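The values are calculated or read from the model by the stated rules, or taken from the named source; none is laboratory data. Just so it is clear, the structure is predicted and the values come from calculations on it, not from any experiment. Don't worry about glycine lacking a Cβ; one is built from the backbone with ideal geometry, like all the others, and counts go over all protein chains shown. Ligands, DNA and RNA are excluded from the accessible area calculation, which covers all protein heavy atoms including side chains. Shrake-Rupley method; radii C 1.70, N 1.55, O 1.52, S 1.80 Å.
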Amino acid sequence: MVSQAKRPLRVLCISGQYPLVQNMTVTEGGTVNMTCRVEYNDNTSLQWSNPAQQTLFFGDKKALRDNRIELVHASWSELTISISDVTLTDEGMYTCSLFTMPVRTAKAYLTVLGVPEKPEIDGLTKPAMEGDHITLTCMTQGSKPAADLRWFRNEKEVKGAKEVNASGKTFTVRSSLQLHVDRNDDGVAYTCKVDHVALTQMPQQATEVLEVHYAPRVQIINSLTVPQEGQYLKLECVSKGNPSPDPVMWTKDGGELPDLDRMIVEGRELTFTSLNKTDNGTYRCEASNHLGTSSAEYVLYVYDVPTTLPPSTTPPLHPIPPDPTAQLGTHASDPTVTGNTDPNAMGQHGTDHALIGGVVAVVVFVTLCLIIVLGRYLARHKGTYLTNEAKGADDAPDADTAIINAEGNHAHAEEKKEYFI
């Protein structure tokens, strides 16, 4: 594999008999071409030598017996060689020499990238128990420069603790992830990915799926919000646990189900084919596995079937104008007889009744007041009549004459009192 990654050209001379070379970067195991050019050459030979100053090629003549090194192009102006199956030991400074007087040289640095190995994840216990604390460790070796490790929980990245150790020219990288296991981690995939410049086309990663065992949790789901007599009702006992809970157990009021003809148990479902009042009670479902037991309760109350017929939704063919007297009679009647259960209409009727009651109360109060005043007046008038009759009874032949005489004597006495004063 020929590396495409190159560093900028390092020019040692603008023109003339000076060699021109370029720094190169190659991935371990790949192939790299080393090129040396001369702008002006008067038939002088070019030579490539390795970091150990061993001659590789002198012109088109191979000097070092290494089957990995081959001649690509040789002329008076250029010498290009290739190195295949590059290893980390090939890294270093390579020299191109132009044999003039004096000898002119140019140096190019060959960088070899160490490819990290496929990562491995350790520390995973199968299965893990809910509440456990575990540490996942991801490790990769052989990277140069040191690789970067990234953790993902399903598709979301999470942060781990990184540790880098040098091992010769390469690095060993570890990353740890601390987990407090709960039931939500069951079935979650934890992935460790390696980021490195040498892995542009071959990503390296490892994935482990976490299996968590936990005690069951139970919930009852009912099919009716307001159960009524004669209706069909289904109660479903939803239980979730790992391992899967054993078949659930249904009880009523702490005992066995009383009527198995109408109460049908199928798996996790309890079905009532036709409800009646005897079904009232507390129903309980229970599920368990080797880690624990869980239960849930449902209180069933069966309501009576409503007797009021719903209002007709079909409008009359010929609308009839409302009769005020008929409406007043309907308002005062029993709503169960008329079938009128509109809450808005009931509110209007209640207002009319209150107004009529208030008027009647005022009339009664005024009448009572008039009776009391009239009674007091009549009582006083009768007393005056009897008193005057007594005063004039001695000299009068009858009662009317006695009253007249009494009034005259009273006036005379008043005249005397005024005269005396």
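Counting residues in region 150-157 that are under 30 Å from TYR40 (Cα atoms), part of a strand (DSSP E or B) and in contact with a Leu (Cβ under 6 Å, 6 or more places away or on another chain) gives zero.
For (1) within 30 Å of VAL26 (Cα to Cα); (2) acidic (Asp, Glu); (3) within 31 Å of the chain's Cα centre (by Cα), each residue gets a yes or a no:
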| site | (1), (2), (3) |
| --- | --- |
| MET129 | no, no, yes |
| HIS133 | no, no, yes |
| LEU149 | yes, no, yes |
| ARG174 | yes, no, no |
| VAL181 | no, no, yes |
| ASP186 | no, yes, yes |
| TYR190 | no, no, yes |
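Within region 289-311, the set of residues being under 16 Å from ILE220 (Cβ atoms) and in contact with a Ser or Thr (Cβ under 8 Å, 6 or more places away or on another chain) comprises SER294, GLU297, TYR298, VAL299, LEU300. Would you pick out the residues in region 129-144 that are surrounded by 15 or more Cβ atoms within 10 Å (Cβ to Cβ), touching a strand residue (DSSP E or B) at 6+ places or on another chain (Cβ under 7 Å) and closer than 20 Å to ALA161 by Cβ? Selection gives ILE134, LEU136, THR137, CYS138, MET139, THR140, GLN141, SER143. Filtering ARG262, ARG268 for residues that are free of Cβ contacts under 8 Å to residues at least 24 places away in the same chain, of a type in the set (D, E, K, R) and more than 30 Å from LEU177 (Cα to Cα) leaves a single hit, ARG262. Checked against the criterion of being without any contact (Cβ under 8 Å) to a residue 12 or more places away in the chain, at negative phi and part of a strand (DSSP E or B), region 167-182 contains not a single residue that satisfies it. Of the conditions (1) in contact with a Gly (Cβ under 8 Å, 6 or more places away or on another chain); (2) open to solvent by 10 Å² or more (accessible area, probe 1.4 Å); (3) under 25 Å from SER143 (Cα atoms); (4) not basic (Lys, Arg), ALA74 fails just one. Which one is it? Evaluating ALA74 over (1) in contact with a Gly (Cβ under 8 Å, 6 or more places away or on another chain); (2) open to solvent by 10 Å² or more (accessible area, probe 1.4 Å); (3) under 25 Å from SER143 (Cα atoms); (4) not basic (Lys, Arg) leaves (3) as the failure. When the criteria are applied in full, MET101 meets the requirement of being in a loop (DSSP other than H, G, I, E, B), closer than 30 Å to TYR18 by Cβ and open to solvent by 10 Å² or more (accessible area, probe 1.4 Å). Across region 25-71, what is the number of residues that are under 16 Å from TYR94 (Cβ atoms), free of Cβ contacts under 8 Å to residues at least 40 places away in the same chain and either open to solvent by less than 30 Å² (accessible area, probe 1.4 Å) or of a type outside the set (A, V, I, L, M) (or both)? Of the residues in that region, 10 qualify. Only one entry in PRO227, PRO245 is closer than 30 Å to VAL181 by Cα and of a type outside the set (S, T, N, Q), namely PRO245. Selection over region 203-219 of residues that are within 22 Å of the chain's Cα centre (by Cα) and open to solvent by 30 Å² or more (accessible area, probe 1.4 Å) gives a count of 2.
Number of residues in region 182-197 that are closer than 24 Å to ALA146 by Cα, open to solvent by less than 50 Å² (accessible area, probe 1.4 Å) and not aromatic (Phe, Trp, Tyr): the value is 4. As a summary of the residue check, ALA5 satisfies the conditions (1) closer than 20 Å to THR111 by Cα; (2) among the small types (Gly, Ala, Ser); (3) modelled with pLDDT of 75 or more except for the one numbered (3).
Inside region 205-256, residues that are in a strand (DSSP E or B), within 26 Å of SER274 (Cβ to Cβ) and not β-branched (Val, Ile, Thr) make up a count of 12. Filter region 112-128 down to the residues that are hydrophobic (A, V, I, L, M, F, W, C) and in a loop (DSSP other than H, G, I, E, B), then identify the one that is surrounded by the most Cβ atoms within 10 Å (Cβ to Cβ). It comes out as VAL115. Screening region 257-269 for residues that are among the hydrophobic types (A, V, I, L, M, F, W, C) and assigned to a strand (DSSP E or B) and picking the one that is surrounded by the fewest Cβ atoms within 10 Å (Cβ to Cβ) gives ILE264. Here the condition is being under 30 Å from LEU270 (Cβ atoms) and touching a Ser or Thr at 6+ places or on another chain (Cβ under 6 Å); of VAL218, VAL212, it holds for VAL218 alone. Only a single criterion out of (1) at pLDDT 90 or above; (2) among the β-branched types (Val, Ile, Thr); (3) open to solvent by 80 Å² or more (accessible area, probe 1.4 Å); (4) in contact with a helix residue (DSSP H, G or I) (Cβ under 9 Å, 6 or more places away or on another chain) is not satisfied by THR278, namely (4).
Only a single criterion out of (1) within 30 Å of VAL21 (Cβ to Cβ); (2) of a type in the set (S, T, N, Q); (3) crowded, with 19+ Cβ neighbours inside 10 Å is not satisfied by THR200, namely (3).
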